[in-house]
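Participant: Please read through the structure below; I'll follow up with questions.
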Amino acid sequence: MSAPKYLAIVKKIEALIRSGQFTEGSQLPTHRELAQQLGTTPITVAKAYKTLAERKLIESFVGRGSFVCNHSQLSDVIRAESSETEKNLSILQPCLSQHSERLNQAFSQILNRGNEALYGYVEHTGLARHRLMGAMWARHYGLEVTDHHDVVLASGAQHALSALIQCYTQPGDTIAVEALTYPGILSMANMLGRKVVAIAMDADGMLPQALDDLCQSSDIAMVMIVPSHQNPTAATMPAERRQQIAAVINRHRIWLVEDDIYGFLNPQPIAAITNFAPQYSFHITSLSKAISPGMRCAFIKTPATESERLAAFIRATIWLPSPVPFAAAAILIHSGEAFRIAKEQRQIALRRQQLAREQLAEFTLYSQPDSYHLWLELPAYWQADAFTLAAKNRGILVSSASYFKADPQAVTPNAIRLSLMAIENEAALVSTLKQLAELLKRDTRFDYVHC
């Protein structure tokens with residue numbers, strides 16, 4: 001039995017959206033117009049549009065029509081859950097099976113001991129010993145921090161970013177970000193009514209001169225940077241570049257948010273940008289990428305003058321992050337187990353980068369030898385969104401370059417981001433990469449466009 005007509009319409013429109021022929025914000029034909037074009041009924045088109053809306057590809061408004069959504073959404077980029085038949089190369093996380101038992105043991109210690117301090121209200125967003133352990137974790141990877149009172153706890157790096165944006169900028173303010181950046185920042189800024197402006201990058205990350213030029217010509221409230229294994233390009237700033245960025249921050253006296261959640265992957269610690277601009281910098285690190293995203297433990301090192309203000313904001317919004325996962329984190333950090341797990345994850349990343357370069361040797365790849373992900377430049381006959389859809393149709397989840405554009409009007413790089421860590425089984429990863437390589441070699445852009 002053939003598929004219903006409305007599903008064929010859904011497939012065709014989705015392909016046109018992914019290929020860029022239907023651009024973000026563009027209006028689709030009315031039900032009647034499209035029905036006439038396709039030789040079907042308005043009811044069938046209405047059913048197709050309803051399905052597209054449920055998939056968050058279009059939005060429909062009474063009296064206005066239907067429009068293509070901004071598809072640079074977290075749900076597109078980060079597919080935490082996938083079916084048994086899907087191979088997930090879209091999410092950046094550690095290989096959890098490698099150390100899940102050690103996490104169980106840490107939480108068991110907390111629960112078996114019993115600790116009333118973990119079950120009540122706590123001042124300053126968290127217990128002092130948890131902030132001490134946060135300082136120890138960040139210091140190990142290149143941050144200068146001497147006073148744990150300057151460390152504020154947050155429920156993961158995403159919460160830390162949100163709190164800083166809300167506390168230190170106002171609706172309508174402009175935040176400078178890397179030209180290709182983590183979509184979580186873009187979604188957050190949009191929801192909070194902040195504007196983002198793209199700063200040009202090179203192989204070492206954000207360009208200091210481009211940032212300086214913008215700060216001279218525009219009113220910038222905050223700068224956000226991922227200095228190590230940048231998402232999505234995997235660029236890592238060398239020490240000299242970090243000092244140059246810090247010089248711009250100091251010269252213009254603007255807030256810097258240094259999101260250093262991948263710093264543990266560097267073969268040797270690299271001094272944080274925050275070290276060179278401590279008066280204006282907030283440094284974020286967390287355990288999500290090194291140990292477990294489910295722990296939701298992040299540490300914010302603030303300027304000495306700002307810890308009370310930020311802590312007060314967090315108290316006013318969520319009161320405090322749950323102390324229980326921080327207690328488990330403290331056990332892991334104090335015992336040294338957290339550092340051993342992080343080192344093991346880096347070794348897995350090294351091995352998987354090698355495997356990826358073997359399977360994708362014919363294509364242009366950008367990454368560090370120990371990154372969780374790589375940036376793959378597509379052959380000229382592929383377009384990023386079209387390839388992403390073609391891969392999805394074959395059960396492989398990848399992330400299109402279009403998801404990462406800070407400037408929606410900029411030309412989309414002809415590239416995709418591949419995460420190498422979410423597929424737990426190494427043999428399954430190699431098989432998936434082989435399938436991807438075969439797809440890359442074939443110009444199948446139009447296989448799925450026709451109804």
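Please treat every number below as a calculation from the coordinates, not as lab data. Since this is a predicted model, take the numbers as computed values, not measurements. All Cβ positions, even for glycine, are placed from backbone atoms using ideal geometry, and neighbour counts span all protein chains on display.
Participant: Give me, ordered by chain and number, the residues 5 or more places off residue 399 or on other chains with an amide H under 5 Å from its own placed amide H.
Facilitator: The list, which skips near neighbours in sequence, is 417.
Participant: Let me ask you something else. Relative to the longest principal axis of the chain, what angle (0 to 90°, nearest 10) does the C-alpha long axis of helix 208-217 take?
Facilitator: That helix lies at roughly 80 degrees to the long axis.
Participant: Can you spot the lysines whose alpha carbon is less than 17 Å from residue 195's alpha carbon? Ignore those fewer than 8 places along the same chain.
Facilitator: Here the lysines satisfying the reach criterion relative to residue 195 are 405.
Participant: For a quick check: sort 385, 202, 212, 260 by the number of other beta carbons within 10 angstrom, fewest at the front. Intermediate results must be reported in sequence, preceding the final value.
Facilitator: Numbers: 385 22, 202 11, 212 18, 260 26.
Ranking 385, 202, 212, 260 by Cβ neighbours within 10 Å, fewest first, gives 202, 212, 385, 260.
Participant: For residue 421, list long-range residues whose amide hydrogen, built 1.01 Å from N in the peptide plane, is under 5 Å from its own amide hydrogen.
Facilitator: Those qualifying (amide H under 5 Å, at least 5 residues apart or on another chain) are 93.
Participant: Aspartates and glutamates near residue 343 by alpha-carbon distance under 20 Å, same-chain residues fewer than 8 away left out - which ones?
Facilitator: Reachable aspartates and glutamates: 101, 259, 260, 370, 424, 426.
Participant: Rank these for me by crowding, 152, 68, going from fewest to most other beta carbons within 10 Å. The partial results should precede the final answer.
Facilitator: Values: 152 29, 68 19.
Listed from fewest to most nearby Cβ atoms, that is 68, 152.
Participant: Computed from the coordinates I sent, Rg/Rh (Cα atoms, Kirkwood Rh) equals one of (i) 0.95; (ii) 1.08; (iii) 0.99. Tell me the label.
Facilitator: Among (i) 0.95; (ii) 1.08; (iii) 0.99, the one calculated here is (iii).
Participant: Report, to the nearest 10°, how far helix 337-359 tilts away from the longest principal axis of the Cα atoms in the chain, using its own Cα long axis and a range of 0 to 90°.
Facilitator: 30 degrees
Participant: OK, next. Within 10 Å, count the other beta carbons around each residue, average over each peptide in 392-403, 311-322, and list them highest first. Can you show the working numbers first?
Facilitator: On the way: 392-403: 21.8, 311-322: 16.1.
Ranking, from highest mean packing down: 392-403, 311-322.
Participant: If we sort 54-62, 27-35 on the protection proxy, mean other Cβ atoms within 10 Å, highest first, what's the order?
Facilitator: Per-residue Cβ counts within 10 Å, averaged per peptide and sorted highest first, yield 27-35, 54-62.
Participant: Let me ask another. Once amide H atoms are placed 1.01 Å from N in the peptide plane, what residues at a sequence separation of 5 or more from residue 196, or on another chain, have their amide H within under 5 Å of its amide H?
Facilitator: Amide H neighbours of residue 196: 175.
Participant: May I ask you to order 355-364, 275-284 by the average number of other C-beta atoms within 10 Å around their residues, highest value first?
Facilitator: Numbers: 355-364: 14.4, 275-284: 21.7.
Final packing ranking: 275-284, 355-364.
Participant: Express in nm, to one decimal, how much length is gained between residue 86 and residue 61 on full extension, taking 0.36 nm for each residue of separation and deducting their alpha carbon distance. Intermediate values should be presented prior to the final figure.
Facilitator: Values: separation 25, 0.36 × 25 = 9.00 nm, distance 3.32 nm.
Taking 0.36 nm per residue and subtracting the Cα distance, the gain is 5.7 nm.
Participant: Excluding same-chain residues fewer than 8 positions from residue 50, which lysines have a Cα within less than 25 Å of its Cα?
Facilitator: 5, 11, 12, 392
Participant: Against the globular-protein guess of 2.2 N^0.38 Å, express the Cα radius of gyration of the range 5-68 as a ratio, rounded to two decimals. Show your work: numbers first, answer last.
Facilitator: Values: Rg = 10.6 Å, N = 64, 2.2 N^0.38 = 10.7 Å.
Normalised Rg, Cα atoms only: 0.99.
Participant: For residue 203 paired with residue 364, estimate the spin-label separation in nm (one decimal), with each label point 7 Å from Cα along the Cα-to-Cβ line.
Facilitator: 1.2 nm
Participant: Something else: As a footprinting exposure proxy, order 373, 130 by other Cβ within 10 Å, with the fewest listed first. Numbers along the way, then the final one.
Facilitator: On the way: 373 29, 130 25.
Neighbour counts put them in this order, fewest first: 130, 373.
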